[in-house]
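The values are calculated or read from the model by the stated rules, or taken from the named source; none is laboratory data. What you see is a predicted model, and the numbers here were worked out from it, not measured in a lab. Backbone-built Cβ (ideal geometry, glycine too); neighbour counts: all protein chains shown. Note: accessible area is taken over every heavy atom of the protein model, side chains too, but ligands, DNA and RNA are not part of it. Shrake-Rupley method; radii C 1.70, N 1.55, O 1.52, S 1.80 Å.
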Amino acid sequence: MSDPVIGRRTLLRGAGGLAALAALPSLAACGTGTSRTADGGGKGAKTVVVRDSGGSYGAALQKAIYTPFTQETGIQVKVLNLDDAPLLAQIKQGRPQCDLINNSMMSHFKYVKQDALEALDLDRVKSVKSAKIPENQITEHAVGHSFYGQCIAYRTDAFGGRKPESWEDFWDTKAFKGSRAMVHPDGDLPELEFALLADGVPVDKLYPLDVDRAFKVMSRLRPNIKKFWDSGPLPGVLLSRQEVTMSTVWDGRIADLQKQGVPVARQLNGMRRQFAGYAIAKGAANIDAAYQLMDFSLRAESQANLVKFFPSNPSSPVAYAKLTEAERNASAGAPKYYDKGFDADVDWWLKNESAVTKRWLEWARG
């Protein structure tokens with residue numbers, strides 16, 4: 001199953017790939033998904049089926065969101081862990097197994113191209129306004145509930161007390177000696193933005209990305225890149241074993257390492273944010289219940305509660321005021337960190353991901 005933070009590795013490369021795979025006959029779920037039985041639709045529905053990516057993230061959602069939702073509404077929540085291709089196939093056949101889809105916003109955009117999502121009636125999602133969800137995370141078909149940040153992780157005992165402060169430092173193997181690790185496209189979007197920031201491009205001038213320049217900068221670091229990681233835990237493993245002194249990483253992965261006593265820290269300057277959100281499957285059987293669960297999940301209180309069980313970064317700025325100071329400071333979405341990062345340009349990546357990935361694979365092979 002894909003990483004619980006976002007399910008990024010299961011995303012398909014481009015809308016064309018989704019169209020082809022949606023035609024596959026297989027409807028097999030991955031992970032521990034629960035098959036759905038007919039409950040009937042409409043306002044009388046007492047069950048809602050939600051797709052999430054399972055793992056520790058799914059367990060946290062159960063404690064922080066699903067159980068309290070059932071206690072408040074009486075509506076039972078069934079969980080389905082299903083990848084994009086079989087879920088799209090179900091929707092195309094007019095019989096989706098789930099009602100509400102928790103997935104990356106980028107994936108939702110790809111679903112829209114396949115006419116696989118219901119257009120949202122935001123008047124039925126009151127928490128969008130009360131939680132002050134940012135406008136750029138509200139679309140016709142999906143609403144962002146949280147983000148994960150991609151940033152620098154480093155060993156605190158590697159540089160004689162010095163701390164890397166930027167992507168320029170990540171690229172500086174003379175001042176900050178040691179091997180590096182960066183992401184493989186099977187793990188996340190290629191990290192072109194970080195190369196451009198290391199080369200002096202201002203954060204507000206990143207897009208459209210100068211692909212030629214980015215690959216030229218990455219080539220300077222290529223001899224020092226020991227590993228391209230394709231799973232969330234791998235950067236921590238490499239740092240723990242001292243195989244690298246710095247790695248790109250999903251921000252929530254560092255806290256567990258620190259609890260284990262590994263001398264690591266994160267640097268959030270130049271962090272790339274990618275959002276996850278909720279959408280309703282086209283033809284969902286329990287649309288009313290799906291709206292109720294979406295509305296409940298997007299409440300500032302619900303987003304803040306999830307942080308207590310999982311290193312989530314709420315999309316709601318109101319949620320951060322409901323956290324303790326320690327919880328707030330641990331979140332990459334806290335006001336003290338937010339302006340240090342940037343949002344990945346989803347439109348640019350939707351248009352260019354396939355071509356960039358192909359070029360990246362050729363570049364990595366040398």
Review point. How about segment 28-109: which helices (runs of 4 or more DSSP H) wholly inside it have at least 1 residues that are more than 23 Å from Leu350 (Cβ to Cβ), open to solvent by 10 Å² or more (accessible area, probe 1.4 Å) and at pLDDT below 90?
Key: 55-61
Check your understanding: Which of the residues spanning segment 339-360 are among the charged types (D, E, K, R) and open to solvent by 30 Å² or more (accessible area, probe 1.4 Å)?
Key -> Asp339, Lys340, Asp343, Asp345, Asp347, Lys351, Lys358, Arg359
Practice item. Could you tell me which numbered condition Arg272 fails, if it satisfies all but one of (1) out of contact with any Phe, Trp or Tyr (no Cβ under 7 Å at 6 or more places or on another chain); (2) at pLDDT 95 or above; (3) among the basic types (Lys, Arg)? Key: (1)
Point to revise | Check on Phe309, at pLDDT 95 or above, of a type in the set (Phe, Trp, Tyr) and surrounded by fewer than 20 Cβ atoms within 10 Å (Cβ to Cβ) | key: no
Study note, to complete from the structure: The helices (runs of 4 or more DSSP H) lying entirely within segment 163-228 that contain at least 1 residues which are surrounded by fewer than 18 Cβ atoms within 10 Å (Cβ to Cβ) and charged (D, E, K, R) are 167-171, 211-221
Revision key, fill the gap. Flagged in segment 229-251 as open to solvent by 30 Å² or more (accessible area, probe 1.4 Å) and not in a loop (DSSP other than H, G, I, E, B), in numbering order, are Leu234, Val237, Ser240
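Can you confirm whether segment 288-303 contains a residue that is free of Cβ contacts under 8 Å to residues at least 40 places away in the same chain and either part of a helix (DSSP H, G or I) or open to solvent by 40 Å² or more (accessible area, probe 1.4 Å) (or both)?
Within segment 288-303 (the criterion being free of Cβ contacts under 8 Å to residues at least 40 places away in the same chain and either part of a helix (DSSP H, G or I) or open to solvent by 40 Å² or more (accessible area, probe 1.4 Å) (or both)), the answer is yes, since at least one residue qualifies.
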Point to revise | All positions within segment 131-175 that are within 20 Å of the chain's Cα centre (by Cα) and of a type in the set (S, T, N, Q) | key: Asn136, Gln137, Thr139, Ser146, Gln150
Practice item. Test Ala119 against the stated conditions and say whether it is farther than 24 Å from Gln260 by Cα and over 23 Å from the mean Cα position of the chain (by Cα). Key: no
Point to revise | Filtered residue count, segment 236-265, keeping only those that are in contact with a strand residue (DSSP E or B) (Cβ under 6 Å, 6 or more places away or on another chain) and at pLDDT below 95 | key: 4
Point to revise | Among residues of segment 121-140, those that are of a type in the set (D, E, K, R) and either surrounded by 22 or more Cβ atoms within 10 Å (Cβ to Cβ) or free of Cβ contacts under 8 Å to residues at least 12 places away in the same chain (or both), counted | key: 3
Review point. Out of all the residues in segment 57-67, is one or more among the aliphatic types (A, V, I, L, M) and free of Cβ contacts under 8 Å to residues at least 60 places away in the same chain?
Key: no
Check your understanding: Which members of segment 84-112 meet the condition of being over 24 Å from Leu298 (Cβ atoms), in contact (Cβ under 8 Å) with a residue 24 or more places away in the chain and either in contact with a Ser or Thr (Cβ under 7 Å, 6 or more places away or on another chain) or not aliphatic (A, V, I, L, M) (or both)?
Key -> Pro86, Gln90, Lys92, Gly94, Arg95
Exercise for review: Quick one: count up the residues across segment 316-336 that are more than 20 Å from Asp256 (Cβ to Cβ) and either open to solvent by 10 Å² or more (accessible area, probe 1.4 Å) or without any contact (Cβ under 8 Å) to a residue 60 or more places away in the chain (or both).
Suggested key: 8
**Study point:** Yes/no for Glu118 being more than 21 Å from Asp188 (Cα to Cα), among the acidic types (Asp, Glu) and open to solvent by 50 Å² or more (accessible area, probe 1.4 Å)
**Key:** no
Check your understanding: Looking at segment 252-273, is at least one residue among the polar types (S, T, N, Q), open to solvent by 10 Å² or more (accessible area, probe 1.4 Å) and either closer than 23 Å to Ser354 by Cβ or assigned to a strand (DSSP E or B) (or both)?
Key -> yes
